[in-house]
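Have a look at the structure below, then the notes.
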Amino acid sequence: MGETTSVRVGEELPVKTLSLYLQSHTTEIRASEIIVEQFPAGSSNLTYLIRAGSDEYVLRRPPFGNTVKTAHDMRREFDVLAKLSEVYPPAPKPLLFCGDESAIGSEFYLMERRNGLIIRGKSPHELEASPALQRSVCRSFIQNLADLHSLDFNAAGLTGLGKPEGYCRRQVEGWTKRYLAAKTHNHAELESAIRWLNENIPTESGASLVHNDYKFDNIMLDPNDLTRISAVLDWEMVTIGDPLMDLGTTLGYWVSHEAGEEMLNMPFNPRVLMENISRTELTEMYAATTGRNVTNILFFYVFGTFKIAVIAQQIYARYVKGVTQDRRFATFDEFVLALGRIAAGAIARGHI
């Protein structure tokens with residue numbers, strides 16, 4: 001699941017207590033001591049590598065200072081992955097859920113470790129050097145999203161995961177409320193986009209499983225075949241809803257030259273892909289493989305950009321309040337400002 005580092009100050013786990021809990025509640029872990037490292041990327045739920053002898057596992061827990069349990073529901077994420085991993089190979093298999101907060105100070109779950117390549121910003125040389133490979137990787141990226149959207153969620157036992165009717169309206173109104181609750185500054189362009197979204201909510205185009213944060217930062221590639229996706233990570237926002245809302249979020253992360261150098265250098269997607277393949281081309285790939293009508297993709301793209309801005313605003317608000325001391329979040333207000341400008345610009349020109 002990518003490279004690990006020492007655990008950040010303030011995000012340590014009680015290693016001895018955790019070791020005893022895992023030994024008594026799993027059949028896999030019998031090592032007398034465990035080693036804990038941290039996956040440094042990500043800005044919501046925290047992810048750790050657990051080494052037990054020669055075996056490796058991944059632990060997920062909510063961020064420190066979390067006060068909204070439903071926003072970081074470990075039980076829900078565990079239950080979804082337990083069913084999804086049976087029918088969707090890129091979903092990692094969960095192994096253990098712990099609802100006893102005395103073990104590490106919060107709920108958590110343990111899952112298998114997947115190995116592979118996560119590209120953040122700079123790409124491998126073979127991808128940088130080959131336009132044909134770039135296009136093939138993007139096709140695979142979009143096909144994998146389409147595969148998720150084509151799954152029979154009823155057969156997978158995930159029917160109760162969400163309510164597809166009225167999904168678009170609930171999403172727009174819900175994220176609007178989240179923005180207002182986390183607001184620290186006025187962002188005129190973002191707030192004009194919020195008004196536009198609330199005035200232009202479409203009816204649903206269909207219902208499918210929705211990852212809600214699908215980007216290269218959350219997928220793992222086979223280093224021997226970059227067109228093969230070996231894992232999709234970070235399932236905390238998965239639900240059932242309009243698949244075009246999912247595509248819209250993916251497009252929201254896909255920045256282009258007019259967004260500026262700072263945005264192009266954000267590690268969500270390989271820069272070389274964003275520089276050479278447009279959002280329109282990604283949309284066309286999705287339409288070709290799914291047969292879905294994408295004529296209203298502007299709304300979904302603007303929504304995706306807005307939603308990412310709200311996520312950034314929520315994280316920035318936690319930093320401002322001192323709930324987290326992670327210095328990565330100190331300038332997230334600038335990220336919110338830039339995303340507001342991008343959303344307003346798309347509305348003004350009338351296309352993605």
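With a 1.4 Å probe and all protein chains left in place, how much accessible area per residue does segment 4-129 have, in Å²?
Working: 6060 Å² over 126 residues.
I get 48 Å² per residue for segment 4-129.
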Fill in: Positive-end residue of VAL320, THR203, ILE219, charge dipole of the chain with Cβ unit charges
VAL320
Worksheet item: Hey, what did the chain get for relative contact order, percent, Cα under 8 Å, at least 6 apart?
Response: 17 percent
Fill in: C-alpha center-to-center spacing [segment 79-103, segment 129-179] in angstrom
19 Å
Item to complete: Mark the label point 7 Å from the Cα of LYS163 along Cα→Cβ and return the residues of segment 193-214 whose backbone N is within less than 19 Å of it.
Response: 201-210
Worksheet item: Taking LYS93 as the anchor, which lysines have their alpha carbon closer than 26 Å to its alpha carbon, excluding any fewer than eight residues away along the same chain?
Response: LYS16, LYS69, LYS83, LYS163, LYS215
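Expected output is a single nm value to one decimal: the length gained when fully extending between SER278 and ARG113, i.e. 0.36 nm times separation in residues minus the C-alpha distance. What is it? Mind showing how you got there, number by number?
On the way: separation 165, 0.36 × 165 = 59.40 nm, distance 3.26 nm.
Taking 0.36 nm per residue and subtracting the Cα distance, the gain is 56.1 nm.
Out of the total accessible area of the chain (probe 1.4 Å, heavy atoms of protein only), what percent is carbon and sulfur?
Values: 7730 of 15210 Å².
Ligands and nucleic acids excluded, carbon and sulfur reach 51 percent.
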Worksheet item: What distance in nm separates the simple spin-label points at GLU101 and ALA155, each placed 7 Å from Cα in the Cβ direction?
Response: 4.0 nm
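Classify segment 125-175 as rounded, prolate or oblate, taking a ≥ b ≥ c as the square roots of the eigenvalues of its Cα gyration tensor: rounded when a/c is under 1.5, otherwise prolate if a/b is larger than b/c and oblate if not. Could you put the intermediate results ahead of the total?
Working: a/c = 4.59, a/b = 2.04, b/c = 2.25.
Cα axes put segment 125-175 in the oblate bin.
Using r as the Cβ-Cβ distance of LYS93 and ARG228, and R0 as 22 Å, what FRET efficiency do you calculate, to the nearest 0.05? Walk me through the numbers before you get to the answer.
Details: r = 18 Å, r/R0 = 0.84.
With a Förster radius of 22 Å, E is 0.75.
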Worksheet item: Which lysines have a Cα lying under 16 Å from the Cα of LYS183, excluding residues fewer than 8 positions away in the same chain?
Response: LYS307, LYS321
Discussion item. Rolling a 1.4 Å sphere over the protein heavy atoms, what is the accessible area per residue of segment 200-352, to the nearest Å²?
Written reply: 35 Å²
Item to complete: May I ask you to compute the full-extension gain from SER192 to ALA132, defined as 0.36 nm times their residue separation minus their alpha-carbon distance, rounded to one decimal in nm?
Response: 17.7 nm
Worksheet item: What does the helix-only formula give at 222 nm for the chain: each DSSP H stretch with n ≥ 4 adding -39500 (n - 2.57), the total divided by the residues, and the result rounded to the nearest 500 deg cm²/dmol?
Response: -13500 deg cm²/dmol
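So, for segment 142-198, what is the accessible surface per residue at a probe of 1.4 Å, expressed in square angstrom? The partial results should precede the final answer.
Values: 2940 Å² over 57 residues.
Accessible area per residue: 52 Å².
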Practice prompt. Could I have the simple spin-label model distance between LYS321 and ARG349, label points 7 Å from Cα toward Cβ, reported in nm to one decimal?
Written response: 3.7 nm
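Evaluate the relative contact order of segment 24-159 (contact order divided by residue number), counting alpha-carbon pairs under 8 angstrom at least 6 apart; express in whole percent. Before the final figure, lay out each step's value.
Working: 149 pairs, mean separation 23.1, N = 136.
That works out to 17 percent.
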Discussion item. Please list, by residue number, everything in segment 88-120 whose backbone N is under 19 Å from a paramagnetic label point 7 Å out along Cα→Cβ of HIS25.
Written reply: 93-113
Worksheet item: Once both axes come from the Cα atoms, what is the angle between helix 279-290 and the longest principal axis of the chain, in degrees from 0 to 90, rounded to 10?
Response: 70 degrees
Worksheet item: To the nearest 20 debye, what charge dipole does segment 1-147 have about its Cα centre, counting +1 at the Cβ of each Lys and Arg and -1 at the Cβ of each Asp and Glu?
Response: 280 debye
Worksheet item: Under a GNM of the chain (C-alpha, springs under 10 Å), which listed residue has the highest mean-square fluctuation: LEU282, LEU46, LEU180?
Response: LEU180
Worksheet item: With a ≥ b ≥ c the root eigenvalues of the C-alpha gyration tensor of segment 110-216, is it rounded (a/c under 1.5), prolate (a/b larger than b/c) or oblate?
Response: oblate
Item to complete: If a/c stays under 1.5 just call it rounded; otherwise compare a/b with b/c (prolate if a/b is bigger, oblate if not). Do that for segment 223-322, with a ≥ b ≥ c from the square roots of the Cα gyration tensor eigenvalues.
Response: rounded
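The values are calculated or read from the model by the stated rules, or taken from the named source; none is laboratory data. Please read all numbers here as calculations on a predicted model, not as lab measurements. Here Cβ is always computed from backbone atoms with ideal geometry, including for glycine, and neighbour counts include all displayed protein chains. In case anyone asks, the SASA skips ligands and DNA or RNA and just uses the protein heavy atoms, side chains included. Shrake-Rupley method; radii C 1.70, N 1.55, O 1.52, S 1.80 Å.
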